[in-house]
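The values are calculated or read from the model by the stated rules, or taken from the named source; none is laboratory data. Small disclaimer: the values here were computed from a predicted structure and weren't measured. In this analysis, Cβ positions are derived from the backbone assuming ideal geometry, glycine residues included, and neighbour counts consider all displayed protein chains. Please note that ligands, DNA and RNA were not included when accessible areas were found on the heavy atoms of the full protein model with its side chains. Shrake-Rupley method; radii C 1.70, N 1.55, O 1.52, S 1.80 Å.
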Amino acid sequence: MYNLNYIHSQDSDDSDKKFEEMLISEAQRVKPIIKEHFLKEYILGLGDTYEIFRLYCKTFDVDEMLDTRMIILRPSGANDFEDFFFIKNTAEQIIGVENIVLSTTINNFLFIITTILDKTEITDLLDKIRKTVRQCYNYNIMAVYSKISYLSEAPASYERLKVCMGYSFYSDGDRTLYENDLKIGENTSIIIPEYGTVEHAVKSGDRAKVKVQLDTFFDELESTMPTPAVAKTYCLELYVCIIRCCEVEKIDNYMKGLVYLQESKSIGEIRAFIEEKGLEITESNAPEKHRVYSALIRDTINLIDENIKNENLSLRWLAGNILYTNVDYLGKLFKKETGKNFSHHVMEKRMEMAKEIIIEGKHDRIYEVAEMVGYGSNSQYFSQVFKKYTGVSPLEYKEFAKLIREEKKTEN
């Protein structure tokens, strides 16, 4: 690395002076690196922390009782070394290197110790860092700073700030938080969610009420700010109550949402997901006349009602001869908005209509009923579908309807 023979070959006094200057220069160059390394090891609890900190204070003439504030900055989405280098550089320039005891990268965030103690001043500086980083590098910054504490308390402050950083769960990742405002470990507020009310509203298809109940739930959750783990537990319980109200054949698909909720990083993601699925299930439970459909699906439903007796009624027939739209598109949109396949919807309409005709008792022959509900002359197929839908054959249902009419006559 260094040519000592060259140094010793020079004049003794001159070479000693140059060698001393070189050592001083090298020491000054590596001093910041060594200083950062010592303090970082102390904070992370690596090795004999007491000896490390004692050596740090003695070597660099640092007062272990120095008043400081600790800061954690977490940029969302930044992974590259260059990203962190530029963000770290920005933070140091805004805070001022003369006011910084330590500025280092730990995992996916920056940890800074500063001698700036004024709460208003440090809040303003952190807000400026967030805005600058967002404008220059397009990253959101979550910033958390500690109460005033001695430098010797840095490891404890660091651990507390990591816990505080977890509360970014309640923000959009672009916010400045103060440790004392969060009252970690002191927040004993318990919310009592009205799960039953939400479930009843979803089952009844009351979209407006469900929206109000969900807004109330999440507003209360965000105002009380329980730990993220507890908040997720509340949300998972709410989601389970909601998906209990869906059709049996869809429950497995909705159950997959539990994994998404557990892995979500923010209350905003969870809220949007639960609102989407909750309103979707509510819509499928709503009485048909109250559902909100697009113009195309409203027209399709009306045309089904008008042509229910037509044995040629089919998705392809409606799409090609009346609505003049793509049959695949219409089928997918119909399923998305109504929650049913077109053919299943038509079958239900025809079966309910057949039940009413049989109950009225004005038509004794099953083939007549089949013709009136769109099955043409295929009364055998009609009977098969009817039995699958109701559990009894049309003749059995006819006898049952006859008994009910006779009972009503007796009562009158």
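In the set (1) in a helix (DSSP H, G or I); (2) of a type in the set (D, E, K, R); (3) without any contact (Cβ under 8 Å) to a residue 40 or more places away in the chain, Lys355 fails one condition alone, (3).
Right, Glu275: in a helix (DSSP H, G or I), at pLDDT below 85 and either open to solvent by less than 40 Å² (accessible area, probe 1.4 Å) or within 21 Å of Thr338 (Cα to Cα) (or both) or not? Considered against the rule, which asks whether it is in a helix (DSSP H, G or I), at pLDDT below 85 and either open to solvent by less than 40 Å² (accessible area, probe 1.4 Å) or within 21 Å of Thr338 (Cα to Cα) (or both), Glu275 comes out as no. Has the stretch 344-357 got at least one residue that is within 52 Å of the chain's Cα centre (by Cα), modelled with pLDDT of 85 or more and farther than 27 Å from Glu249 by Cα? For the stretch 344-357, residues within 52 Å of the chain's Cα centre (by Cα), modelled with pLDDT of 85 or more and farther than 27 Å from Glu249 by Cα: present.
Of everything in the stretch 77-92 that is open to solvent by less than 80 Å² (accessible area, probe 1.4 Å) and of a type outside the set (S, T, N, Q), the residue that is modelled with the lowest pLDDT is Ala78. Checking each residue in the stretch 45-59 for being surrounded by fewer than 14 Cβ atoms within 10 Å (Cβ to Cβ) and of a type outside the set (Lys, Arg) picks out Gly45, Leu46, Gly47, Asp48, Tyr50, Glu51, Leu55, Thr59. Restricting attention to the stretch 342-356, which residues are crowded, with 16+ Cβ neighbours inside 10 Å and within 12 Å of Pro394 (Cα to Cα)? Passing the criteria: Met351, Ala354, Lys355. Among residues that are in contact with a Cys (Cβ under 6 Å, 6 or more places away or on another chain) and at pLDDT 85 or above, Val133 is not included.
Six or more apart or on different chains, Cβ under 8 Å: which pairs go from a residue in the stretch 91-108 that's more than 16 Å from Leu39 (Cβ to Cβ) to one that's of a type in the set (S, T, N, Q)? Could you list them? Here the result reads Ala91/Ser103; Ile94/Thr132; Ile95/Thr114; Asn108/Asn79, each pair linking the stretch 91-108 to a residue that is of a type in the set (S, T, N, Q). In the stretch 230-238, the count of residues that are closer than 17 Å to Lys336 by Cα and in contact (Cβ under 8 Å) with a residue 60 or more places away in the chain is zero.
Taken over the stretch 93-121, residues that are under 17 Å from Leu151 (Cα atoms), open to solvent by less than 30 Å² (accessible area, probe 1.4 Å) and not in a strand (DSSP E or B) amount to 1. Taking the listed residues Gly374, Gly339, Gly361, Gly391, the one that is surrounded by fewer than 14 Cβ atoms within 10 Å (Cβ to Cβ), touching a residue at least 12 places away in the same chain (Cβ under 8 Å) and at positive phi is Gly361, with no other qualifying. If you filter the stretch 304-329 down to residues that are in a loop (DSSP other than H, G, I, E, B) and not hydroxyl-bearing (Ser, Thr, Tyr), you find that the one that is nearest to the chain's Cα centre (by Cα) is Asn326. Being among the aliphatic types (A, V, I, L, M) and not in a helix (DSSP H, G or I), is that true of even one residue in the stretch 145-165? So far as the stretch 145-165 goes, yes, one or more of its residues are among the aliphatic types (A, V, I, L, M) and not in a helix (DSSP H, G or I).
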